[in-house]
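Coordinate-derived values only; no laboratory data. Keep in mind that what you see is a predicted model, and the values were worked out from it rather than measured. Note that each Cβ is placed from the backbone with ideal geometry, even for glycine, and that neighbours are counted across all protein chains shown.
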């Protein structure tokens, strides 16, 4: 198949998943064309099966803001025509599925089907600004296939928008041959030279990730146990987290690493992953850690309970309850055998439920059903 993929090319979960999906599809012999304003994360260069098409947005004095939705629709149409795409797969309803709808309309009488994957913010955006509800609902209903990354998000989508059409659940995934426990993948001594325990946090440092809670949890654990904190990623709340680290005198023990492309190596240095988010529609960072044999301590919100079973692969606690989360970390790190036991359970759950070898065929099946339906109508 020839597939066009559009996503936000950032370090958020949706951009990572869309990128990894494209890489996995290409490895299975499909031609993948990324259509976005920048090269997606985790793609270093074009290959025989992977191409990148940049959406150029021209600033006109008439517009206060560049009309990205229209520029994207035009580029989708252009790429679909020149590359003879079989379908488009867009990640996030706003504005990507709107652009795909416009591109499909330009193709008439031929239909260019498109699939929309909902990742979460496209739904919660409507919760904060109801003016987006009509266009979001329209773009979802006009999609030829719709997927959500968790059962939680599927329920919220149906309830929030009153969607009548099917919304399939295809969960996020990891390449279990890349994200795996690997001795020597990370030189642990560079972060913990005296054998300290290592806590990690991986995100885009947006307010919803509550990075200040990560620092609070780490401080409480450090009072009881020598440890280090790896802060992987970047974003608007990094400065706040760095300020809090300085205020608490943790500068020598909390290490801010910025954006990283080889996060699986860093996760192999960690003992526990911290994800105390306000909301997670899935929790990809927790899954990536689990696949590396690292248990996670997370908020009991959204789709996280579908990924982590409390007390088995990690622990879940209420949002903002940093004392409980710190206590759970200490339990993992100090009770004999618990870290090893939970690490094995985490790796096993990732392998049983969320490996790309299990999830990618679900997307391929959806693509074939959508294409076949279009050909028979």
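Only helical DSSP H runs with n ≥ 4 go in: add -39500 (n - 2.57) per run for the chain, normalise by residue count and round the 222 nm mean residue ellipticity to 500 deg cm²/dmol.
Working: 14 runs with 160 residues, N = 377.
Calculated at 222 nm, the ellipticity per residue is -13000 deg cm²/dmol.
In terms of the Cα gyration tensor, with a ≥ b ≥ c the square roots of its eigenvalues, is region 297-372 rounded because a/c is under 1.5, prolate because a/b exceeds b/c, or oblate?
Numbers: a/c = 5.72, a/b = 2.05, b/c = 2.79.
Cα axes put region 297-372 in the oblate bin.
Using 1/(1 + (r/R0)^6) with R0 = 45 angstrom and r between the beta carbons of residue 252 and residue 49, what's the FRET efficiency to the nearest 0.05?
It comes to 0.45.
Which of 192, 18, 239 moves most in a GNM of the chain, Cα contacts under 10 Å?
239
Angle between the Cα long axis of helix 68-83 and the longest principal axis of the chain, 0 to 90 degrees, nearest 10?
Value to nearest ten degrees: 70.
Taking springs between alpha-carbon atoms closer than 10 angstrom, which of 121, 157, 251 fluctuates most in the Gaussian network model of the chain?
251
Would you mind telling me the antiparallel percentage of the DSSP bridges in region 188-353, rounded to 5? Display every interim value, and only then the final one.
On the way: 1 of 22 bridges.
In region 188-353, approximately 5 percent of DSSP beta bridges are antiparallel ones.
Volume per residue, Å³, of the convex hull around the alpha-carbon atoms of the chain? The partial results should precede the final answer.
On the way: hull volume 54.5 nm³, N = 377.
Dividing the Cα hull volume of the chain by its residues yields 145 Å³.
Using a basic spin-label model with each label point 7 Å from the Cα along Cα→Cβ, how many nm lie between residue 151 and residue 300?
Going from the residue 151 label point to the residue 300 one covers 1.7 nm.
Using only the alpha-carbon atoms, how far is helix 338-353 inclined from the longest principal axis of the chain? Give it as 0 to 90 degrees, nearest 10.
That helix lies at roughly 10 degrees to the long axis.
Report, in whole Å, the centroid distance computed from the Cα atoms of region 270-336 and region 152-177.
If you average the Cα positions of each part, the centres end up 22 Å apart.
At 7 Å along the Cα-to-beta-carbon direction for both residue 1 and residue 357, put a label point, then send me their distance in nm to one decimal.
That separation, rounded to one decimal, is 2.2 nm.
Rounded to the nearest 0.05, what FRET efficiency do residue 133 and residue 262 give with R0 = 41 Å and r taken as the Cβ-Cβ distance? Could you check? Walk me through the numbers on the way to the answer.
On the way: r = 40 Å, r/R0 = 0.97.
With R0 = 41 Å, the Cβ-Cβ based efficiency is 0.55.
Which angle from 0 to 90°, rounded to the nearest 10, does the C-alpha axis of helix 211-224 make with the longest principal axis of the chain?
It is inclined by approximately 20 degrees.
If you take the square roots of the eigenvalues of the alpha-carbon gyration tensor of region 188-353 and sort them as a ≥ b ≥ c, do you get rounded (a/c under 1.5), prolate (a/b over b/c) or oblate? Each step should come with its number before you reach the end.
Numbers: a/c = 1.36, a/b = 1.18, b/c = 1.15.
Rounded, because the longest to shortest axis ratio a/c is under 1.5.
Working out 0.36 nm times the residue gap between residue 234 and residue 183, then minus their Cα-Cα distance, what length gain in nm do you get to one decimal?
On the way: separation 51, 0.36 × 51 = 18.36 nm, distance 2.68 nm.
Full extension of this stretch gives 15.7 nm more.
What spacing in nm lies between the two simple spin-label points modelled at residue 243 and residue 81, each 7 Å away from Cα in the Cβ direction?
5.1
When 273, 342 are ordered from fewest to most other Cβ atoms inside 10 Å of their Cβ, what list results? Please list the in-between numbers first.
Working: 273 28, 342 24.
By the 10 Å Cβ count, ascending: 342, 273.
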